[in-house]
Amino acid sequence: MVNESEADWFHLDVMDGRFVPNISFGMFIIEAISRIATKPLDVHLMIESPDRYIEAFRAAGADHITVHYEACPHLHRVIQQIKDSGAKAGVALNPHTPVELLEDILEDLDIVLIMSVNPGFGGQKFIYRSIPKIRKLKDMISVMNTKTLIEVDGGVGLQNAETLLQAGTDVLVAGTTVFKADDPADAIHRLKTIGWDRGFLV
Ligand code: ZN
């Protein structure tokens with residue numbers, strides 16, 4: 001269904017039961033998905049010490065690898081490690097982490113993922129404080145003139161997609177909105193239609 005839909009990427013949430021309370025799946029499932037997926041695999045690592053697994057996730061088929069700021073004391077090194085693996089590199093921020101902390105690494109990032117719920121479970125309520133964060137990040141990206149994409153993950157739906165796009169979001173991650181819909185392909189289509197003239201990604 002996703003292959004045939006208008007969605008641009010597969011967003012895959014890896015959870016380790018330590019960085020976040022929940023446990024989801026790891027590289028074996030990603031490898032299985034990569035065998036049939038016809039779109040880039042956007043892998044979001046909600047795990048401790050992600051530097052230990054970058055090459056394994058890349059080998060499993062990850063096209064983009066996003067690590068959490070809060071899980072990486074040596075973030076610059078991990079970002080270089082992701083780039084050396086050949087994947088696009090992203091950093092995710094939990095709701096309490098300010099975007100200003102990315103100032104010295106932003107030009108190295110392909111993606112910044114703003115968590116608009118606390119990571120770990122689907123179906124949570126969108127945290128509206130994320131909107132000014134997105135605006136501020138968009139300003140930082142314009143000033144530095146980088147090509148970094150802003151991705152928003154958590155509580156994204158038809159009710160807030162327009163606001164998110166206006167604030168500067170490039171990529172909407174919509175799990176519950178798509179997969180709990182009666183017609184998931186139509187939910188993707190409706191999200192895409194909201195940003196029709198902006199060329200954004202879902
Ligand atoms: Zn995610």
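The values are calculated or read from the model by the stated rules, or taken from the named source; none is laboratory data. Bear in mind that the values here come from a model prediction, so they are computed numbers and not experimental data. Please note: Cβ atoms are built from the backbone with ideal geometry, for glycine as well, and neighbour counts cover all protein chains shown. Note: areas computed on protein heavy atoms with side chains; ligands, DNA, RNA excluded. Shrake-Rupley method; radii C 1.70, N 1.55, O 1.52, S 1.80 Å.
Values for this structure:
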{"read-out": "Matching entry among GLU70, GLU107 (being surrounded by fewer than 21 Cβ atoms within 10 Å (Cβ to Cβ) and within 16 Å of the ligand (Cβ to nearest atom))", "value": "GLU70"}
{"read-out": "Sole residue being within 15 Å of the ligand (Cβ to nearest atom) and open to solvent by less than 50 Å² (accessible area, probe 1.4 Å), chosen from ILE65, ILE23, ILE29", "value": "ILE65"}
{"read-out": "Condition met for GLY120 (in contact (Cβ under 8 Å) with a residue 60 or more places away in the chain, on the phi < 0 side of the Ramachandran plot and within 14 Å of the ligand (Cβ to nearest atom))", "value": "no"}
{"read-out": "Residues of the stretch 167-188 classified as within 15 Å of ILE114 (Cα to Cα), open to solvent by 10 Å² or more (accessible area, probe 1.4 Å) and not in a loop (DSSP other than H, G, I, E, B), total", "value": "1"}
{"read-out": "Conditions (1) within 13 Å of the ligand (Cβ to nearest atom); (2) over 26 Å from ILE131 (Cβ atoms); (3) open to solvent by 20 Å² or more (accessible area, probe 1.4 Å): number failed by MET15", "value": "(2)"}
{"read-out": "ASP42 vs. criteria out of contact with any His (no Cβ under 9 Å at 6 or more places or on another chain), within 16 Å of the ligand (Cβ to nearest atom) and either open to solvent by less than 50 Å² (accessible area, probe 1.4 Å) or not β-branched (Val, Ile, Thr) (or both)", "value": "no"}
{"read-out": "Residue in the stretch 73-91 that is nearest to PRO119 (Cα to Cα), counting only those that are open to solvent by less than 60 Å² (accessible area, probe 1.4 Å) and touching a His at 6+ places or on another chain (Cβ under 8 Å)", "value": "VAL91"}
{"read-out": "Long-range neighbours under 7 Å by Cβ, at least six apart or interchain, first residue farther than 16 Å from LEU172 by Cβ within the stretch 7-29, second polar (S, T, N, Q)", "value": "VAL14/SER24; MET15/ASN22; MET15/SER24"}
{"read-out": "Answer residue from the stretch 124-158, given it is assigned to a loop (DSSP other than H, G, I, E, B) and within 13 Å of the ligand (Cβ to nearest atom) and is most open to solvent (accessible area, probe 1.4 Å) among those", "value": "GLN124"}
